[in-house]
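Heads up, the thing below is written out as structure tokens.
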Amino acid sequence: MHRRSGTANTAATLSGQFGNSTFTTAEAERIGISARRLGIAEEAGLVTRMRRGLYLVTTPTTTPGITVPGILTPAEADADHRALAHHLVREFRGRGIAAAMGDETAASVWQLPHGPQSVPSIRVSRGSGAHIGMRHGVRVREGDTGDFVSFRGQIVTSPLATARDISRGLPRHQAVALFGLAQRRHAEWLLGGDECLEAGDLTQALSDAQWRAELGQEMRGMLHDSARRQQWNASADPRPETYLEGISWGRFTGWRLGDMKPQEWVQGASGRRYRVDVLIDGVAGEADGAVKYGSRESLWKEKLRQEDIENGGTPVVRWTYAEAEHRPGVLRERWRNALHRHAA
């Protein structure tokens, strides 16, 4: 069996056995998946290591403009959480208490990257007198009513407030990605309300440097209690369109590789212009998400696209989610080598 199909079969077996639940190395071995096969699947980006000895099958979930990897809460499970939280929000509001879905529950509504949630969460206005803690299986916390907005018939904390509330404890590259995607989602909400915008149209709108600065400043104001997170927010950019692009941007800004421009246009040998995920000192970068290669036709088109770009004088660096998240040293060295060759 070809290694690639064997790895896909490994992921399918694990998904069939464990679904969206985490599993240990020992549990995988009990169904015939050795530690070596598990490692190969992780390297291919089909399995995510949550911590040593604990894994989760990576199941990409896509929405317009956002690609959320399977380490995040599955949309199916979130639907139940949202329904329960939405019901309690309506109950509180019926009693005259301002309330909104918050934290990871709000993140699932906005399709922002977030960790697993054991129970749904809502926020109620400070000083409301409402009982804080667990209520009917929902965690109730206090929040600021200025953070509460309406989206598709639901009252939730805004994308920026939600990012603030779930960013504590994240490593730098993930926090930078979250802040950038929250600003992007906030911009989409301001422009389209309940409607999703085409990713390219939204990115074009965000080419306005003044608007990006205003979004960044508003996010900074949300993080007044943490100088470190404010500093990380300064590196965030709402133009990266996916979570993979976001965490990659978080890595790149930390490494300071050179002059970096996300979603930049380059010209191929044919004269055709292409928008690449990032351009660093004349080297194009392309993040290889699973959606990009859904068919042989898309693979062939991507190959021709890269050849045209490179024949036009722009080298291309590619990488995967597994490399950006779990093997950053490999990715950094690849970029440094490419930049050195291009400058020589």
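Suppose the filter is charged (D, E, K, R) and at pLDDT 85 or above; does Arg3 pass it?
No.
When the residues of the range 162-190 are filtered to those that are over 14 Å from the mean Cα position of the chain (by Cα), surrounded by fewer than 24 Cβ atoms within 10 Å (Cβ to Cβ) and at pLDDT 95 or above, which remaining residue is farthest from Glu325 (Cα to Cα)?
Taking the candidates together, the pick is Leu190.
Is there any pair with a first residue in the range 195-217 that is closer than 17 Å to Ala177 by Cα and in the same structural domain as Gly153 (by TED's automatic domain parsing) and a second that is surrounded by 14 or more Cβ atoms within 10 Å (Cβ to Cβ) and of a type in the set (Phe, Trp, Tyr) whose Cβ atoms are under 9 Å apart and which are 6 or more apart or on different chains, and what are they?
Gly216/Phe179
Residue by residue through the range 308-344, note down the ones that are assigned to a helix (DSSP H, G or I) and among the polar types (S, T, N, Q).
The answer is Asn311, Asn337.
Against the definition (exposed (fewer than 14 other Cβ atoms within 10 Å of the Cβ) and not in a helix (DSSP H, G or I)), how does Ala269 come out, yes or no?
yes
Taking the stated definitions as given, is Thr13 hydroxyl-bearing (Ser, Thr, Tyr) and modelled with pLDDT of 85 or more?
Here the answer is yes, as Thr13 does meet what is asked.
With the requirement that a residue be over 17 Å from His81 (Cβ atoms) and out of contact with any Gly (no Cβ under 8 Å at 6 or more places or on another chain), what does the range 116-132 give you?
Gly127, Ser128, Gly129, Ala130, His131, Ile132
Tally time: how many residues in the range 170-195 are touching a strand residue (DSSP E or B) at 6+ places or on another chain (Cβ under 8 Å) and aromatic (Phe, Trp, Tyr)?
1
Hey, does the range 199-212 have a residue that's over 17 Å from Glu241 (Cβ atoms) and surrounded by fewer than 24 Cβ atoms within 10 Å (Cβ to Cβ)?
Yes.
With a cut-off of at least 3 residues that are farther than 24 Å from Gly115 by Cβ, name the helices (runs of 4 or more DSSP H) lying wholly within the range 128-211.
Helices (runs of 4 or more DSSP H) meeting the threshold: 172-192, 199-205.
Criterion first (hydroxyl-bearing (Ser, Thr, Tyr), in contact with a helix residue (DSSP H, G or I) (Cβ under 7 Å, 6 or more places away or on another chain) and at pLDDT 95 or above) does Thr253 satisfy it?
yes
Regarding Arg305, is this residue assigned to a helix (DSSP H, G or I), at pLDDT below 95 and under 20 Å from Pro262 (Cα atoms)?
So Arg305 fits the description; yes.
List pairs: first in the range 321-344 and touching a residue at least 24 places away in the same chain (Cβ under 8 Å) and surrounded by 15 or more Cβ atoms within 10 Å (Cβ to Cβ), second in a helix (DSSP H, G or I) and aromatic (Phe, Trp, Tyr), Cβ under 8 Å, 6+ apart or cross-chain?
Close Cβ pairs (under 8 Å, with a partner that is in a helix (DSSP H, G or I) and aromatic (Phe, Trp, Tyr)) amount to Arg332/Trp255; Trp335/Phe252; Trp335/Trp255.
The values are calculated or read from the model by the stated rules, or taken from the named source; none is laboratory data. Because the structure is a prediction, the values reported are computed rather than measured. Note: ideal-geometry Cβ built from the backbone for every residue, glycine included; neighbour counts use all protein chains shown.
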